[in-house]
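Remarks on the structure that follows.
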Amino acid sequence: MNVIDSQPYELLIGQRWTAGSQGHTFDTLNPATGQVLAQVHEASEADVDAAVRAAHEAYEKYWRKTTPAERGRLLRRLAALFERDREKIAWIETLNVGKPITHSLDSLKAMPSSLEYFAGIIPAVRGETIPVGDNDVLNFTLREPLGVCALITPWNYPMTLTVNKLGPALAAGNTVILKPSEVTPLSAMALARLFEEAGFPPGVVNVVNGQGATVGERLVTHSLVSRVSFTGGTVTGARIQASTASDVKRVTLELGGKSPLIVFADAPLDKAVAVAAGDIIKNSGQVCIACTRLLVQESVRDEFLGQLQQRLDTVRVGSPSDAATEMGPLVSAAQKKRVEKYIQLAGDEGATPAVHGNLLLDNATQPGFFVRPTLLLNSHNRMQSAQDEIFGPVQSVIGFRDEADALRIANDSRYGLAAVLFTHDGGRALRMARGLQSGSVAINTGVRTSFDAPFGGYKQSGIGKERGLEAIYENTQLKNVKYDMGV
Ligand code: NDP
């Protein structure tokens, strides 16, 4: 299937596909081969301004006035078109992100349902009547859209993150500008083409590509942008928070993580091993909720590690296009360098890096950005390698004595995105769930985000919630109205 354009990808501004005002392009790569996959036009400041103005005009002229039924109908049409093109989009993600094709297909399976879900909860965009002190006064609330939203996504799950931001933003009556990661812009371009076909009015969805520091910054600080929904690293998130503060913009930040997976001695070890291994294998560990600190009770540490290492030894690392591949490359040369630097640092700090998996490369994939699954044995939680988000197939293995020790270590992190624990003791599971400083907790299973449950971090893992009903609240503002019926 030929899924990549040979011509440079254009920007979508209002009703126009355009090369942009300066006509510059940048390359996007196939991380499995290190070769150029496609070229993409880069937006200038003037292009960003034009996209924001188009979104603002579309909001004022028609989108804010559409009925819930109309918005729902368009989102459902988009869901059907997505389903039609799902396989094609999955291949684009495999070629541009380096995800094994089996994983790309699997991760996009829920996207049509996500769009249908947000079409379905549009009726939640409503207010209520509130009895206030005076019987002559009718007090009610109106839930209103915010206006123009900037949606900024990272490179690890370009499509699922875009869909889960777009659905609620559009459902709530906002217009949007997408700014995909410069590293992986192609799947968003394929999605953008579906909006016109689905019948969305021009300007409701716009796409600008380019560097975060220029295009992204210009977008988030634009005075006509009312809300920024950002997923990415904590440093960038904090920068966006600072640069939007003077305009007091609404900001939702989904940031990094260093999630613990806690294995108590009474745990079903085979299940815990499967989840731990899955977190390092899936998308080469480039997953914000991946459990990258394995906290194992001392008495079962050897048994757990034996099983985990056995599993990791069998991992097939190779071409993402091969259906038998379990783990592809990292997304870029820079990410590979970063991960290798952290493995080196862990060794210098006194941990013992243990490398697993089988590297199955042919001539085409030889120069790709591959790193094999690596456990950092004998780690302790205060090591920098156990505190920083590495964002690769690397897990620190840390021992603990008892429940209190496990909780203390788990919470000893500047992040608080997700936590997983395995135990047969229900009381302990619930005590831990309460005590963990984390936006998501999973007990005896892995954390799998879904479009219909709220998701967001504690501490430096973010602000606000996306997905679920909360995403509608995040995308709207509430107005209180009083009417004196006695006049
Ligand atoms: P970055 O923070 O580098 O970039 C994320 C996005 O922000 C990209 O589109 C980037 O553009 C853009 N950007 C960069 N600087 C600015 C700026 N000043 N203003 C506006 N936009 C900007 O993250 P990565 O792409 O490297 O993604 C990896 C990170 O994302 C990890 O730390 C991971 O934890 C986090 N993440 C969090 C998730 C969550 O839900 N909590 C989910 C997935 C990932 P460009 O790439 O073009 O520079």
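The values are calculated or read from the model by the stated rules, or taken from the named source; none is laboratory data. A quick note: this is a predicted structure, and the numbers were derived from the prediction, not measured. With ideal geometry, Cβ positions are generated from the backbone for all residues, glycine too; neighbour counts draw on all protein chains shown. Side chains are part of the model used for accessible areas, which takes the heavy atoms of the whole protein and leaves out ligands, DNA and RNA. Shrake-Rupley method; radii C 1.70, N 1.55, O 1.52, S 1.80 Å.
Structure values in brief
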| item | result |
| --- | --- |
| Complete set of residues in the stretch 239-249 that are of a type outside the set (Ser, Thr, Tyr) and either at pLDDT below 95 or near the ligand (Cβ under 10 Å from one of its atoms) (or both) | ARG239, ILE240, ALA242 |
| Sole exception among (1) open to solvent by 20 Å² or more (accessible area, probe 1.4 Å); (2) touching a residue at least 40 places away in the same chain (Cβ under 8 Å); (3) hydroxyl-bearing (Ser, Thr, Tyr) for THR28, by number | (1) |
| Residue selected from the stretch 452-487 under the condition closer than 23 Å to GLU389 by Cα and among the charged types (D, E, K, R), by the criterion surrounded by the fewest Cβ atoms within 10 Å (Cβ to Cβ) | LYS459 |
| Count of the stretch 204-237 residues which are open to solvent by 10 Å² or more (accessible area, probe 1.4 Å), near the ligand (Cβ under 6 Å from one of its atoms) and over 17 Å from the mean Cα position of the chain (by Cα) | 3 |
| Residue match in the stretch 387-404 (condition: of a type in the set (A, V, I, L, M, F, W, C), out of contact with any Ser or Thr (no Cβ under 6 Å at 6 or more places or on another chain) and without any contact (Cβ under 8 Å) to a residue 24 or more places away in the chain) | yes |
| Candidates VAL125, VAL148, filtered to the one that is modelled with pLDDT under 95 and closer than 24 Å to ALA58 by Cα | VAL125 |
| From GLY357, GLY350, GLY328, GLY392, residue being surrounded by fewer than 19 Cβ atoms within 10 Å (Cβ to Cβ) and assigned by TED's automatic domain parsing to the domain that holds LEU308 | GLY350 |
| Residue list for the stretch 104-124, restricted to those being open to solvent by less than 30 Å² (accessible area, probe 1.4 Å) and under 25 Å from PRO185 (Cβ atoms) | SER104, SER107, LEU108, MET111, PRO112, SER114, LEU115, PHE118 |
| Residue identified as touching an Asp or Glu at 6+ places or on another chain (Cβ under 8 Å) and either more than 16 Å from the ligand (Cβ to nearest atom) or touching a residue at least 60 places away in the same chain (Cβ under 8 Å) (or both) among VAL315, VAL355 | VAL315 |
| Test set (1) open to solvent by 50 Å² or more (accessible area, probe 1.4 Å); (2) over 23 Å from the mean Cα position of the chain (by Cα) - LEU375 fails condition number | (1) |
| Subset of the stretch 238-249 that is out of contact with any Lys or Arg (no Cβ under 9 Å at 6 or more places or on another chain) and charged (D, E, K, R) - its residue that is surrounded by the fewest Cβ atoms within 10 Å (Cβ to Cβ) | ASP247 |
| Near pairs, Cβ below 7 angstrom, 6+ apart or cross-chain, from the stretch 223-241 (free of Cβ contacts under 8 Å to residues at least 60 places away in the same chain) to any residue that is within 10 Å of the ligand (Cβ to nearest atom) | THR236/GLY212 |
| GLY446 vs. criteria among the small types (Gly, Ala, Ser), more than 12 Å from the ligand (Cβ to nearest atom) and buried (at least 17 other Cβ atoms within 10 Å of the Cβ) | yes |
| Matching residues in the stretch 71-100 - criterion: being over 15 Å from LEU191 (Cβ atoms) and open to solvent by 10 Å² or more (accessible area, probe 1.4 Å) | ARG71, ARG73, ARG76, LEU95 |
| Residue in the stretch 299-320 that is in contact with a Lys or Arg (Cβ under 8 Å, 6 or more places away or on another chain) and open to solvent by 20 Å² or more (accessible area, probe 1.4 Å) present | no |
| Yes/no for ASN381 being surrounded by fewer than 22 Cβ atoms within 10 Å (Cβ to Cβ), of a type in the set (S, T, N, Q) and away from the ligand (no atom under 16 Å from the Cβ) | yes |
| Test: residue in the stretch 250-264 that is in the same structural domain as THR175 (by TED's automatic domain parsing), within 16 Å of the ligand (Cβ to nearest atom) and either free of Cβ contacts under 8 Å to residues at least 24 places away in the same chain or open to solvent by 30 Å² or more (accessible area, probe 1.4 Å) (or both) | yes |
| Yes/no for VAL441 being buried (at least 21 other Cβ atoms within 10 Å of the Cβ), within 16 Å of the ligand (Cβ to nearest atom) and of a type in the set (Val, Ile, Thr) | no |
| Condition check for ALA46: open to solvent by 20 Å² or more (accessible area, probe 1.4 Å) and under 20 Å from ALA213 (Cβ atoms) | yes |
